[in-house]
Structures are given as C-alpha cells and as structure tokens.
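Here the structure is laid out as structure tokens; the discussion comes afterwards.
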Amino acid sequence: MKRIAEEFDTLPRQLRNIAKYVEQNRASVMVDRTSDIAEECGVHPSAVVRFAQRFGFTGFSDFQAVFRQAFAEQSAPTQSYQQRIRKLIDGKPNKLSGGALAREFIAASRSGLDELEHDFDDEQFEAAVNLLVKAENIYVIGVRRSFSVASYISYALQHTAKRVHLVSGFGGMVHEQIRSIKKNDIVIAISFTPYGKETQACVRVAHMHGAQAIVITDSQLSPLARYASALLTVKEGSAFAFRSLTSTVCLCQALFVALAYRLELAPEEMRDPGGYDE
C-alpha cells in the first residue's frame with residue numbers, strides 16, 4: 001500500500017481508480033473477482049491484471065495472496081464476534097432488539113480499534129507530536145461528520161498554552177478563519193471519503209502560507225495526504241452503513257496526551273480554569 005501511495009500520481013487514470021478501490025476495500029480484495037473490481041472501477045478486467053503486474057506480481061491472484069496473508073495474521077476473535085452479530089441480525093431481521101443493535105455498533109467500534117492498533121505508525125505519530133510542540137498557532141478543521149472530532153481536539157488542546165483556533169466555518173467563514181495561518185503554524189485537518197472541500201481548501205491555503213499540516217484521514221491516497229507533514233490514517237468500523245468515530249477520537253485523545261506529556265504539563269495545568277464542572 002505504501003508503494004501504491006508513492007506511485008499513485010504517476011499511474012494512468014484506470015489504474016488510479018483501481019488503486020482507490022483497493023485502498024478503500026482491503027478487507028474484500030482478497031476474495032473479490034477480477035470482473036467485480038473492474039465493474040466497480042469502470043475498467044476492463046485486463047486493467048486489474050495490469051495493476052497487479054505494475055507492482056511486481058505475476059497476476060491478480062498473487063496480489064490477492066498478500067491480503068489473504070494479512071487477514072490470516074489478524075486477530076480472529078473480533079472477526080468471529082462480528083460474524084455472530086451479523087448472523088443474529090440476518091436471522092431475525094424483524095425482531096432486532098435495541099440491545100442487539102447496540103452490540104453491532106460496539107463490535108464495529110472494537111474492530112476499528114483493533115485495526116488502528118494493528119496499522120499504527122509510530123513514526124508518523126511522533127512526527128505529529130513534534131509539529132505540535134513547535135507550533136506557534138494550531139488551526140483545526142473538520143467538516144460534517146468530522147466536525148465533532150475537530151471540536152473535541154480543539155477543546156483538548158485548549159488545556160495547553162498553545163493558541164488553538166477551530167475553523168468552524170460558521171457563517172461560511174472558512175477562508176476568513178484560515179487566512180491568517182503562517183509559517184511556524186500547524187493545521188490539523190480531519191477528513192474522510194468523500195473528503196470535505198472546505199478541509200481540502202484549508203490545507204492548500206496552509207501550504208501556500210508555508211504552514212505544515214497534520215492530516216488525519218482514511219487513506220494514503222486521500223487528496224489531503226500530499227500536503228501532510230505527518231499523516232495519520234485511521235479506518236473506522238461500520239454498522240448499518242453508519243461509520244463509527246471511536247478510533248478517530250481515540251487517536252486524537254492519544255495525540256493530545258502525548259503533547260501534554262512532552263510539554264510536561266502537571267495535572268492541575270490540564271484542568272479547566274473556568275471553575276465550571278464538566
């Protein structure tokens with residue numbers, strides 16, 4: 001996947017479509033038929049074979065074997081738990097209790113956390129912490145489903161001495177709120193497919209002004225990735241077509257705590273000085 005990300009911009013359009021499909025469907029690539037992938041990507045099946053050969057495989061079956069091996073090495077209990085919940089739902093579609101529904105979401109969140117731990121990039125995380133330590137101002141942007149996460153990390157970072165700015169976009173003021181970003185500042189951009197246009201615009205503005213970016217997204221092929229000084233990828237579990245935010249919030253909490261640790265904040269310095277109970 002790292003090689004695909006590095007060569008993505010040089011791939012022909014059809015192969016880029018396949019690369020995006022592979023990135024977003026890692027769990028199913030190992031069993032997908034060539035014709036199914038081709039149909040989803042709007043390409044001829046031979047393009048799928050060429051894609052595999054482009055990265056040194058004799059054919060698509062050899063390419064799939066890499067994903068089968070990775071799947072086999074992952075923890076089996078989480079998968080089997082999800083399968084049991086899915087069997088319960090499929091077996092009793094008209095008798096789904098609130099508890100069973102909640103368990104499906106819990107299982108999806110647990111699966112996402114397992115994947116976050118399995119694919120965690122210590123080097124990129126440390127780079128993100130280093131950027132925050134040196135930052136004069138921290139701008140945070142996340143729209144739609146990412147807005148709650150952006151709001152949370154802005155709140156957490158306010159417990160440090162850093163100047164933190166949440167780019168809320170209220171009143172359509174995204175460009176106005178980000179325009180003062182400058183060199184030695186950092187933007188934390190949080191966005192998942194289909195990737196918010198406002199977030200992409202903020203990252204481009206930051207880049208033009210010489211600021212660096214910590215990007216939290218779901219793919220190394222994300223349009224935000226090319227601007228990232230530190231790239232943190234996270235894939236959420238999903239249930240009933242609703243994606244969890246558990247893993248993303250966990251990652252942001254870890255980022256804040258790691259920063260606080262580096263700044264050597266005492267516990268009392270991390271408390272809300274306003275005197276209000278949370």
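Counting only protein chain heavy atoms and rolling a 1.4 Å probe, the accessible areas of Arg68, Arg144 rank, largest first, as Arg144, Arg68. For region 1-42, pairs of C-alpha atoms spaced more than 16 angstrom apart make up 33 percent of the total.
Start at zero, step by 5 Å, and the Cα-Cα distances of region 104-219 spread as 2, 11, 20, 23, 21, 12, 7, 3, 1, 0 percent across the bins. Over region 147-190, the hull volume per residue, using the convex hull of the C-alpha atoms, is 77 Å³.
Heavy-atom accessible area for Lys182, with the other protein chains in place and a 1.4 Å probe, reaches approximately 90 Å².
With a Cα cut-off of under 18 Å and a minimum spacing of 8 residues unless on different chains, the lysine pairs in region 120-267 number 5. Between Glu117 and Val133, the contour length at 0.36 nm per residue exceeds the Cα-Cα span by 3.4 nm. Overall, the accessible surface of region 134-242 at a probe of 1.4 angstrom is composed of carbon and sulfur to the extent of 54 percent. Label-to-label distance, Ala254 versus Phe55, with points set 7 angstrom from Cα along the beta-carbon direction: 2.3 nm. Ordering of 248-256, 58-66, 128-136, 186-194 by packing is 186-194, 248-256, 128-136, 58-66, highest average first (other Cβ atoms within 10 Å, averaged per residue).
So what's the gap between the Cα centers of region 1-62 and region 156-202, to the nearest angstrom? Region 1-62 and region 156-202 have Cα centres separated by 34 Å. Counting only heavy atoms of the protein chains and using a 1.4 Å probe, Tyr155 has close to 100 Å² of accessible surface. Note on Met173/Arg3: beta-carbon distance plugged into 1/(1 + (r/R0)^6) with R0 of 35 Å gives a FRET efficiency of 0.30.
Along each principal axis, taking the top coordinate minus the bottom one, the Cα set of region 193-235 gives 30, 20, 12 Å in descending order.
Take the Cα of Arg226, go 7 Å toward its beta carbon, and the backbone nitrogen atoms of region 147-191 under 20 Å from that spot belong to 187-191.
A 1.4 Å probe, protein heavy atoms only, puts the accessible area of Glu7 near 50 Å².
Here the calculated FRET efficiency for Ala201 and Ser46, from their Cβ-Cβ distance with R0 = 35 Å, stands at 0.40, rounded to the nearest 0.05.
The values are calculated or read from the model by the stated rules, or taken from the named source; none is laboratory data. What you see is a predicted model, and the numbers here were worked out from it, not measured in a lab. FYI the Cβ positions are ideal-geometry reconstructions off the backbone, even for glycines, and counts take in every protein chain you see. Calculation scope for accessible area: heavy atoms of the full protein, side chains included, ligands and nucleic acids excluded. Shrake-Rupley method; radii C 1.70, N 1.55, O 1.52, S 1.80 Å.
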